[in-house]
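In what follows, a single structure is set out as structure tokens and then discussed.
All of the numbers you see were taken from the coordinates with simple rules; none came from a lab. Quantities reported herein were computed from a predicted structural model and do not represent experimental measurements. We place every Cβ from the backbone using ideal geometry, glycine too, and count neighbours over all the protein chains shown.
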């Protein structure tokens, strides 16, 4: 592994979900645009690029994001990005797919979510490289958020990404080893691991 590969792997390992943002630490416009640019260059099924990005920086807007997600983090972080998916573009993946009906149905939303996940990971890593911390929120009142953002019917919110700097040390969560997750050629029952390492049984979010 060369130096560049090692640096990339270390960056990936260093990224953490931040739940204690310092609201006094701002995100510069230049850095925010670099983060969004990283998201723009993520892979996209059929290159249909169904994602849009809505920047929310004002106090009232961030407070509403906290209200919709039932989490304090959007109001504490200096900026949040709402990732929005275009359902019509996502549907087009299925319409032009050369495969069967199952693939067509999957293409309507699944490919859009896949695109979003790739784009969000790019943004999280770029933010980390620029010295920021992030939190990916995927649980929120979808209808209320759509109304607040004024989204046309063909669009839906996929995620809220909080960006800022932490005010507390972020602990390193345990990860399952590769030996328990990698299978050679076919499924290996001996690798099956039913443990929930690092899973918190206490859920604070209430809907």
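Seen from every direction in turn and averaged, the convex hull around the alpha carbons of the range 17-169 projects onto 8.9 nm². Relative to the current alpha-carbon distance between residue 40 and residue 117, full extension at 0.36 nm per residue lengthens the span by 26.5 nm. Ordering 73, 183 by the number of other Cβ atoms within 10 Å of each residue's own Cβ, fewest first, gives 183, 73. Ordering 163, 55, 35 from the fewest to the most neighbouring beta carbons within 10 Å gives 55, 163, 35. Taking 0.36 nm per residue of sequence separation and removing the Cα-Cα distance, the residue 181/residue 142 pair yields an extension gain of 10.7 nm.
If you plug the beta carbon distance of residue 170 and residue 6 into 1/(1 + (r/R0)^6) with R0 = 22 Å, you get a FRET efficiency near 0.50.
As a length-normalised measure over Cα pairs under 8 Å and 6 or more apart, the relative contact order of the range 32-86 settles at 40 percent. Fully extending the segment from residue 24 to residue 55 would add 9.4 nm, taking 0.36 nm per residue of separation and subtracting the current Cα-Cα distance.
Its relative contact order, with pairs defined as Cα atoms under 8 Å and 6+ residues apart, puts the range 17-169 at 37 percent.
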